[in-house]
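Only one structure is covered here, and it is reproduced in the block below.
The values are calculated or read from the model by the stated rules, or taken from the named source; none is laboratory data. Being a predicted model, the structure only gives us computed values, none of them experimental. Here the Cβ positions follow ideal geometry from the backbone for every residue, glycine too, while neighbour counts run over all protein chains shown.
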Amino acid sequence: MKNFNLIKSTIPIIMNQLLILIPVLPLLGFLVLSMAGKHLSKPVIAWIGAGVICMSAVLTLILAVKFFQSSTANPVYQVMIWQWMKVGSFSCSISLRVDALTLAFLFIVTFVGALIHIYSTAFMKQDRDYARFFASMNLFVCAMLLLVMADNLVLLYLGWEGVGLCSYLLIGFWYENPANCNAARKAFIVTRVGDTAMAIGLFLLFRELGTLNIPDILSSSPTYFEPGSTNINWIALLLLVGGMGKSAQLPLHTWLPDAMAGPSPVSALIHAATMVTAGVYLIARMHVVFQLSPVAMEATAIVGAVTLLVAGCSAMVQTDIKRVLAYSTISQIGYMFLALGVGAWSSGIFHFFTHAFFKALLFLAAGAVIESLHHEHNMFKMGGLKNKLPVVFWTFLIGAAALSALPLVSAGFYSKDQILWYAWSSVNGNPVLWSAALFGAFVTAFYTTRLMLVTFWGEMKTQVSSYPPKLMTIPLVVLAFFSITAGFIEWPHNLLHVQLFSHFVEIVMPAAVLKDVLPAEILFQSIAAVTTLLGLYTGYILYYRTPGLVPRMQQSPYLKDIRDFFFAGWGFDYLYDAILVKPYEWITRVNKSDLFDSVYNGIAQLNVRLTGYYLQHKMDRCAGMWRVY
């Protein structure tokens, strides 16, 4: 009995150590590789860079097993590492906390992140900055883990800024190309807009509640704030803007397509497991604050609906294989925002869960294609690859099926079907939001079919120069497996009573509230399935059965203008350039010689002249002494 009590008492200590090790291991990998990477061989770098993430993934699985074995209804593991700062009434600690929501994100960040790192060991093998790449990737994962495990919003904000810094380092990893540096700066600057809004929201939260500890905020907000009050509206809207910046939602989405300048594993990590899901996590974590603000909830749903349509239309006309997937990510994150906005919290997180598998798969498979074709990105210069790259083809096909939400056989169907249903049936849903999501499903199926057919069918336009090694294909196979099976843990209510994921997440988040009178759910599922199949068939007709039809359509000036408009991302970059960049440049030119600059320039010129007089005097004295000598 004493031994049993001793073991029972040591379990919390072991769990606390696991919590600490999960983010610390990637941090150690970053420190070792950044300081000693130049002196290590590439195999050692690979073992360290990928090994620490794999170890974090294993520890997360152990933590998950203990979590499910817990006898409490709402198991929570937490540990305070040290007191970070204490100023007056404000105190903040380095504290980690894991509940059901955190565990879902932890699993994706570590497990998918580990597969991406394993893939990277082969993909980046010829790069001279091998150590710098894995150091930055390790730090990226560490920052994301801090973000989702933080017990308070200050630590969360540290991780939030950490993923922003790492995105800058990795998007501009190949810094010799100025375009890559510009893309990195663009990502850093655009996301700063959202970060600034979020910081202001945190200041307002502290002013009202006197704390930034997440559990305290969630427990005290319902009793402190009046629902719909001005203060809570401002706080929720500012947090929403912060989430829009990191998750690339309109109008702060323009950085993400340009982020394709980074290596393909970076794109997979940003789009599937880390940065763009940070905004989704923030809104889900602060769901109590958002529920108190109907304005913010409605704004979240509208932002998601508009974003999924705008980004989907842009994806239809892109020619760069990675930019198609980039706009697709923006669109799919829009679905998550839509779900959160209508109060379908578990559905939004479930789509995040399935999306991580098939989007990481698609980006890694696209990277394998690009690497095999002399670094060719234009999918219209590919074609005929389904027999040349069979593993890449079949895994890409599975990922494409999940992205297009192929009914019943792909994970994407199960998560997207829930969002479509709640966009209509929840008390915050309406026919407009449902129609936007439904049309988005058609567009997604269309551009996914276009992507598959143009890349893998037809005539081969670029010869295969190399074939991906097993370290690149094994992660593809694993991700393909989960892109099919991950959806089976959450079936539609009317088809099968299996709702494992929603029951798990709803331990800490409320269930969706439905309207009193609703039509049959099977009707909406049938409409969604037919819409998806219609999108697939449209892509098949245009890009396989009648391939000459699209070039003829592009000869129409009207259709060409629409195509160019979509291709340019609806002109957002031109708009920002016109209303922000050029006026700022004009102001700087006008102010180049203002009063203050004249004063400072005068001081500088005076110092230059005095220095010149002094040096001349010294030289004259030396010349005189030399003549005497």
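Taking the conditions exactly as written (surrounded by fewer than 16 Cβ atoms within 10 Å (Cβ to Cβ) and closer than 24 Å to Met124 by Cβ), does Lys470 satisfy them or not?
In short, yes.
Restricting to the stretch 304-347, and then to whatever is part of a loop (DSSP other than H, G, I, E, B) and among the polar types (S, T, N, Q), can you tell me which residue is farthest from Pro510 (Cα to Cα)?
In this case the residue turns out to be Thr319.
Which of the following residues is in contact with an Asp or Glu (Cβ under 8 Å, 6 or more places away or on another chain) and not aromatic (Phe, Trp, Tyr): Ala437, Ala441, Ala445, Ala405?
Ala405 is the lone residue from the list that is in contact with an Asp or Glu (Cβ under 8 Å, 6 or more places away or on another chain) and not aromatic (Phe, Trp, Tyr).
Residue-wise test of (1) over 24 Å from the mean Cα position of the chain (by Cα); (2) β-branched (Val, Ile, Thr); (3) at positive phi.
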{"position": "His39", "(1), (2), (3)": "yes, no, no"}
{"position": "Pro43", "(1), (2), (3)": "yes, no, no"}
{"position": "Val52", "(1), (2), (3)": "no, yes, no"}
{"position": "Val58", "(1), (2), (3)": "no, yes, no"}
{"position": "Val65", "(1), (2), (3)": "yes, yes, no"}
{"position": "Val76", "(1), (2), (3)": "yes, yes, no"}
{"position": "Val79", "(1), (2), (3)": "yes, yes, no"}
{"position": "Met85", "(1), (2), (3)": "yes, no, no"}
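Do you know which of the residues in the stretch 201-217 that are of a type in the set (A, V, I, L, M, F, W, C) and in a helix (DSSP H, G or I) is surrounded by the fewest Cβ atoms within 10 Å (Cβ to Cβ)?
Across the stretch 201-217, the extreme among qualifying residues is Phe203.
Does the stretch 143-159 contain at least one residue that is under 22 Å from Met472 (Cα atoms) and either surrounded by 20 or more Cβ atoms within 10 Å (Cβ to Cβ) or aromatic (Phe, Trp, Tyr) (or both)?
For the stretch 143-159, residues under 22 Å from Met472 (Cα atoms) and either surrounded by 20 or more Cβ atoms within 10 Å (Cβ to Cβ) or aromatic (Phe, Trp, Tyr) (or both): absent.
Filter the stretch 382-393 for residues that are surrounded by fewer than 16 Cβ atoms within 10 Å (Cβ to Cβ) and part of a helix (DSSP H, G or I) and give the result.
Pro390
Out of (1) under 25 Å from Leu471 (Cβ atoms); (2) aliphatic (A, V, I, L, M); (3) at pLDDT 95 or above, what's the single condition that is false for Met382?
Every listed condition holds for Met382 apart from (3).
Is it true that some residue in the stretch 587-598 is among the hydroxyl-bearing types (Ser, Thr, Tyr), surrounded by 10 or more Cβ atoms within 10 Å (Cβ to Cβ) and at pLDDT 80 or above?
No, the stretch 587-598 has no match at all.
Counting only residues that are of a type in the set (S, T, N, Q) and within 25 Å of Val517 (Cα to Cα), how many does the stretch 396-450 have?
Looking only at that region, the number is 7.
With (1) outside any helix (DSSP H, G or I); (2) within 30 Å of Asn428 (Cβ to Cβ) as the list, and Phe350 as the residue in question, which single condition is left unmet?
(1)
Name the one entry in Thr254, Thr230 that is at pLDDT below 95, surrounded by fewer than 24 Cβ atoms within 10 Å (Cβ to Cβ), among the β-branched types (Val, Ile, Thr) and more than 20 Å from Trp160 (Cα to Cα).
Thr230
Given (1) free of Cβ contacts under 8 Å to residues at least 12 places away in the same chain; (2) surrounded by 19 or more Cβ atoms within 10 Å (Cβ to Cβ), where does Ala122 come up short, assuming only one miss?
With respect to (1) free of Cβ contacts under 8 Å to residues at least 12 places away in the same chain; (2) surrounded by 19 or more Cβ atoms within 10 Å (Cβ to Cβ), Ala122 is out only on (1).
Which condition from (1) crowded, with 24+ Cβ neighbours inside 10 Å; (2) assigned to a helix (DSSP H, G or I); (3) out of contact with any strand residue (DSSP E or B) (no Cβ under 9 Å at 6 or more places or on another chain) is the one that Gln249 breaks?
Gln249 satisfies all of (1) crowded, with 24+ Cβ neighbours inside 10 Å; (2) assigned to a helix (DSSP H, G or I); (3) out of contact with any strand residue (DSSP E or B) (no Cβ under 9 Å at 6 or more places or on another chain) except (2).
Scan Ala529, Ala511 and give me the residue that is assigned by TED's automatic domain parsing to the domain that holds Thr354, hydrophobic (A, V, I, L, M, F, W, C) and not in a helix (DSSP H, G or I).
None of the others qualify; the one that does is Ala511.
Anything in the stretch 69-116 that is within 21 Å of Phe481 (Cβ to Cβ) and in a strand (DSSP E or B)? List them, or say none.
none
So that you can scan it fast, the table gives a plain yes or no per residue for (1) exposed (fewer than 12 other Cβ atoms within 10 Å of the Cβ); (2) of a type in the set (Val, Ile, Thr):
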| position | (1), (2) |
| --- | --- |
| Trp491 | no, no |
| Ser502 | no, no |
| Val517 | yes, yes |
| Leu523 | yes, no |
| Ala529 | no, no |
| Thr538 | no, yes |
| Tyr544 | no, no |
| Val550 | no, yes |
| Phe567 | no, no |
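If I ask for residues that are of a type outside the set (D, E, K, R) and buried (at least 16 other Cβ atoms within 10 Å of the Cβ), which ones from the stretch 175-192 would you list?
Of everything in the stretch 175-192, those that are of a type outside the set (D, E, K, R) and buried (at least 16 other Cβ atoms within 10 Å of the Cβ) turn out to be Asn180, Cys181, Ala183, Ala184, Ala187, Phe188, Val190, Thr191.
Go over the candidates Asp564, Asp597, Asp573 one by one and state the one that is in contact (Cβ under 8 Å) with a residue 24 or more places away in the chain and either out of contact with any Phe, Trp or Tyr (no Cβ under 9 Å at 6 or more places or on another chain) or in the same structural domain as Ala445 (by TED's automatic domain parsing) (or both).
Asp573
Which of the following residues is in a helix (DSSP H, G or I) and under 17 Å from Phe413 (Cβ atoms): Thr449, Thr473?
Result of the check over Thr449, Thr473: Thr449.
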